[in-house]
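Bear in mind these aren't lab numbers, they're just calculated from the coordinates by the rules spelled out. As the structure is a computational prediction, the values presented were derived from the model and not from experiment. Cβ: placed from backbone, ideal geometry, glycine included. Neighbour counts: every protein chain shown.
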Amino acid sequence: MSINKRSFLLRLMISIGLLLLLLLTAPYLNAQDNGRLNHAGFLVVDPPSEPPNPPPFSLPFASPPGPDTWLLGQPYGNTTGAYRQRYIFYQAGQGLHFGLDFSAPCGTEIIAIGAGIVSEVDGPHGSGPHNLVIDHPNGYSSLYGHLLNRANLTPGQTVEQGQVIALSGDSFGTCRSAPHLHLEIRNNYHHRAYNPILLIQADWDSLALVGSFGRGFERDLTDPRRWQSLTDQPDVIFGGPLLNEYEQPWPPDEGGR
Ligand SMILES: [Zn+2]
């Protein structure tokens, strides 16, 4: 075999080897580059399949609850309030209240429920006039809605648990109509919402005693015990079908608003 022929064969083998290597690793390269980023462009991880014990997050306020500070206004899930408005505000969330509402005077300081990176400032997830999303490394993201002004943070910035990140506002923007914080816990992809009561360490049974609105849960009389407690509520897939289009609802459907 001539030297030329040998070097040709050698180059051919190296080329085939490189091609095979590329073909074998391409799916993984692709997954790392594209499949693991959310729409905001940040790396994501999957949250655990069950809520961790103890719950990983803390309340979004440094102050204790009370009539002058904050109170739990509406829990997560199949609330009567979300049911009545299932064709408007809550349609995208399968007819459920996909977060927690905390009544609080405008300007109440809100703190990060866990450490993470700022993912979105006034992003596309509604809950106006201003909102903020933080991606946490355990696979969850927290969304703070109805904020008073644009949060003074930039996407990519890290925040610590307990750091003041925003001021609470009003969903109608008046500070008299409905001043409250809407808090959601989603996955890092921001398209699935979880019951924050299972993920935030707090005395929820006591907090639920003194709420101001929407405390009851809508009942399906064909399955009357389903989704009737603070902790027994389904996850929400944004854009999925309504979960509470009941044949025999209680309280009765008043035609919707
Ligand atoms: Zn809300």
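For Gln161 and Gln91, what does the FRET efficiency come to when R0 = 51 Å and r is the distance between their Cβ atoms, rounded to the nearest 0.05? Please report the intermediate quantities before stating the final value.
Details: r = 33 Å, r/R0 = 0.65.
For Gln161 and Gln91, the calculated efficiency is 0.95.
With the radius of gyration and the Kirkwood radius both derived from the Cα set of the chain, what is their ratio Rg to Rh? Before the final figure, lay out the partial values.
Details: Rg = 23.8 Å, Rh = 20.2 Å.
That ratio equals 1.18.
Order of 232-242, 73-83, 116-126, 130-140 by packing, highest average Cβ count within 10 Å first?
Values: 232-242: 15.8, 73-83: 23.7, 116-126: 18.4, 130-140: 22.1.
Descending mean neighbour count gives 73-83, 130-140, 116-126, 232-242.
Neighbouring Cβ atoms within 10 Å as the yardstick, rank Glu247, Glu184 fewest first. Before the final figure, lay out each step's value.
Numbers: Glu247 7, Glu184 24.
Ascending Cβ contact count within 10 Å gives the list Glu247, Glu184.
Restricting to DSSP H runs of at least four residues, report the calculated mean residue ellipticity at 222 nm for the chain, -39500 (n - 2.57) per run over all residues, nearest 500 deg cm²/dmol.
Numbers: 3 runs with 37 residues, N = 257.
That calculation yields -4500 deg cm²/dmol at 222 nm.
State the extension gain, in nm to one decimal, for the chain segment bounded by Ala62 and Asp235, taking 0.36 nm per residue of separation less the distance between their alpha-carbons.
Details: separation 173, 0.36 × 173 = 62.28 nm, distance 2.73 nm.
Stretched fully, the Ala62-Asp235 segment lengthens by 59.6 nm.
How much length is gained if the chain between Arg225 and Glu247 is pulled fully straight, taking 0.36 nm per residue apart and subtracting their Cα-Cα distance, in nm to one decimal?
Working: separation 22, 0.36 × 22 = 7.92 nm, distance 1.52 nm.
Additional length available on full extension: 6.4 nm.
Quick check on packing: order 191-203, 40-52 by the mean number of other C-beta atoms within 10 Å, highest mean leading. Working shown, then result.
Details: 191-203: 18.8, 40-52: 13.8.
In descending order of packing, they fall as 191-203, 40-52.
Given the Cα-Cα distance of Ser49 and Leu10 and 0.36 nm per residue of separation, how much length would full extension add, in nm?
Values: separation 39, 0.36 × 39 = 14.04 nm, distance 5.03 nm.
Here the segment from Ser49 to Leu10 would lengthen by 9.0 nm.
In degrees, nearest 10, range 0 to 90: what is the angle between the Cα axis of helix 3-30 and the longest Cα principal axis of the chain?
Long axis of 3-30 versus the principal axis of the chain: about 10 degrees.
Determine the shape class of the stretch 107-257: with a ≥ b ≥ c the square roots of the Cα gyration tensor eigenvalues, call it rounded for a/c under 1.5, and otherwise prolate if a/b is greater than b/c, oblate otherwise.
Working: a/c = 1.84, a/b = 1.62, b/c = 1.14.
Note, shape of the stretch 107-257 comes out prolate.
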